[in-house]
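The structure appears right after this line, and notes come after that.
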Amino acid sequence: MTRFVLRLAAAAASTLYAAIALAAQPLVSPEWLKGRLGSDEVVIVEFRTALGESSRDEYLTAHIPGAIWSDYPGAWRTDRDGYRGTVPSVEKLEAYLSELGVADGKTVVLVPVGAGSSDFGVAARAYWTLKYLGHDDVAILEGGWKAWQAAGLPTESGDVTPTGDLFVAEIRDAYRIETPDVSAEIEGDAILVDARPEEQYRGRDKSGEASRFGRLPGAMSLDQNLFFDEKGSRLKALPALKASVPASLAPDAEIVSYCNTGHWAATNWFVLHELLGYENVRLYVESMVGWTLDPSRPVESDRTRLDDLKAWWNGLFS
């Protein structure tokens, strides 16, 4: 069957199921999900990762009824052409999501552990991937697995084998920006937003995978962790999210969200684009690790000779 025929079939299915799709909000509560357990139109995907200090074994012990376990980065990200954690091929993503049972007319609910901002980024990156592939019926469980547990809602043990379906992607190029276009935007009108911690933004620290210290030229800092409450387990309320965004970042601005490998930046994309209504936000998946592969690409940094000496001294005793 050709991809053209698959797309026609997917389009027909989209029309057929439009009336019954659950049209979830970007964030849904445990109570919302509880009322939809057992629905054939809901695919629940749980992530248990080291970022959430959890594991597949813990999923097998207890999870949301009907929830499918998904590895991360697993099939959601790949290493290719020197880039770490980039987007897999469309064909591979279609195959994996079909295996999970994702299809038009089905709402996908993504469940992080609820252990912190980096753990939330797992769900945010998967959410962005689904949206980038053209699937709108997707949500993140607010507070994740821990919120479900805290609410005393039902659980089950053992593995859940997904019922496969047909997923056909319709790529949204407006959701992503790649390195050649980032180079052009540095001299253009886009606002480059850095989701990393302040020390990395300033160039006083860096990811071990980035080749150089610093940030994209002209970028503003917006540490994704600012969007989380003090315990870091869930996003702040909407008014507090709005207050966390610099006033200079206008709602109609053209924005490029980046970090090291597109993980933290996915959270900024999610908050700005999906919750606060910033329409023109693109994710730079390859981010600083990809950008610094080429030493000729410019970076800005506040790093000083003293920072180099401190790093050298600390390295002697590490």
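Key figures
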item	result
Residues of segment 159-178 that turn out to be out of contact with any Lys or Arg (no Cβ under 8 Å at 6 or more places or on another chain) and either surrounded by 13 or more Cβ atoms within 10 Å (Cβ to Cβ) or of a type in the set (A, V, I, L, M, F, W, C) (or both), as a count	8
Residue in segment 112-128 that is open to solvent by 40 Å² or more (accessible area, probe 1.4 Å) and charged (D, E, K, R) present	no
Close pairs (6 angstrom Cβ cut-off, 6 or more residues apart or separate chains): under 19 Å from E274 (Cβ atoms) in segment 23-42, of a type in the set (D, E) and open to solvent by 40 Å² or more (accessible area, probe 1.4 Å) anywhere	L27/E142; S29/E142
When residues of segment 199-219 are limited to those that are in contact with a strand residue (DSSP E or B) (Cβ under 6 Å, 6 or more places away or on another chain) and outside any loop (DSSP other than H, G, I, E, B), the one nearest to V245 (Cα to Cα)	Y201
Residue match in segment 47-60 (condition: part of a helix (DSSP H, G or I), surrounded by 14 or more Cβ atoms within 10 Å (Cβ to Cβ), modelled with pLDDT under 95 and under 21 Å from the mean Cα position of the chain (by Cα))	yes
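The values are calculated or read from the model by the stated rules, or taken from the named source; none is laboratory data. Small disclaimer: the values here were computed from a predicted structure and weren't measured. FYI the Cβ positions are ideal-geometry reconstructions off the backbone, even for glycines, and counts take in every protein chain you see. Areas reflect the complete protein model, heavy atoms only, side chains present, ligands, DNA and RNA absent. Shrake-Rupley method; radii C 1.70, N 1.55, O 1.52, S 1.80 Å.
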